[in-house]
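Take a look at the structure set out below.
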Ligand code: UDP
């Protein structure tokens, strides 16, 4: 019974989360830490309660996506810092979807920040700290990772679906989903599940009226002083009924 599962052994620690095994070999517990990291871990800060906010926000979004029919690793939120999730083998790739051009794509291709592309941009990065998460293509991905062309095609379709769902969800809260990063894993039946988290750490969110940044860019660009207030504002907007 998933309701009685508890943390058994510490398995892994990333920049912002820890993973624990449970009594069930197919389920894990994700623990959200209070760390904020940017620029491939070069900039780090401890921010009390940040983990609680991201757990709240990501749990909210994953629950909605499960309900909508997107296959995710998320089972349920256990407490203010922890989620029960299906165990997956993570594919070491980051998939970025862009509705408005900014960040690394703007720099790499010399495109003016704020440009709206006619198509939805889909990018792949190889998760490798030593190499600073390089930008790669599908052929590199198939060569480097345990993923096929067919699976990458499925992931592309799922990401478009997620983008359409999240764009609308945020727009209903007067927030523009500029871009975001997602990760996938495979369960023991080799089914592809959306994994990791979706939060203001992993998305660019702009206020619809003022273009005010409501995400980690505030930390990347200058200070962390009001970052908790900003994350709290995202959570509050998500938790209220639609503004329309
Ligand atoms: N992103 C992320 N983790 C990373 C790199 C990027 O969550 O390690 C997110 C980032 O918050 C943004 C999107 O992916 O929403 C695109 O980021 P970009 O490639 O522009 O990278 P940046 O130059 O901002 O690191």
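The values are calculated or read from the model by the stated rules, or taken from the named source; none is laboratory data. Keep in mind that what you see is a predicted model, and the values were worked out from it rather than measured. Note that each Cβ is placed from the backbone with ideal geometry, even for glycine, and that neighbours are counted across all protein chains shown.
For first residues located in the stretch 1-18 and under 25 Å from residue 41 (Cα atoms), partners that are part of a strand (DSSP E or B) and modelled with pLDDT under 95 and lie 6+ apart or on another chain with Cβ distances below 7 Å form the pairs 15/35; 15/37; 16/35; 16/37. Of the strands (runs of 3 or more DSSP E) that lie entirely inside the stretch 52-106, those containing 1 or more residues that are touching a helix residue (DSSP H, G or I) at 6+ places or on another chain (Cβ under 9 Å) and more than 13 Å from the ligand (Cβ to nearest atom) span 74-79, 82-86.
Of the residues in the stretch 148-161, not one is buried (at least 19 other Cβ atoms within 10 Å of the Cβ) and outside any helix (DSSP H, G or I).
Among residues of the stretch 197-221 that are at negative phi and free of Cβ contacts under 8 Å to residues at least 12 places away in the same chain, those with a beta-carbon under 9 Å from a residue that is more than 8 Å from the ligand (Cβ to nearest atom) and not in a loop (DSSP other than H, G, I, E, B) at least six positions away or on a different chain give the pairs 212/206; 212/230; 221/213. When you check residue 26 against the structure, is it touching a residue at least 40 places away in the same chain (Cβ under 8 Å) and either at positive phi or away from the ligand (no atom under 16 Å from the Cβ) (or both), yes or no? Taking the combined requirement at face value, the residue satisfies it. With respect to the conditions (1) at pLDDT below 95; (2) in contact with a strand residue (DSSP E or B) (Cβ under 9 Å, 6 or more places away or on another chain); (3) over 28 Å from residue 84 (Cβ atoms), residue 135 lacks only one, and its number is (1).
In the stretch 33-47, of all residues being in contact (Cβ under 8 Å) with a residue 60 or more places away in the chain and either outside any strand (DSSP E or B) or within 15 Å of the ligand (Cβ to nearest atom) (or both), the one that is surrounded by the most Cβ atoms within 10 Å (Cβ to Cβ) corresponds to 36. Would you pick out the residues in the stretch 123-145 that are assigned to a helix (DSSP H, G or I) and more than 12 Å from residue 91 (Cα to Cα)? Within the stretch 123-145, 129, 130, 131, 138, 139, 140, 143 qualify.
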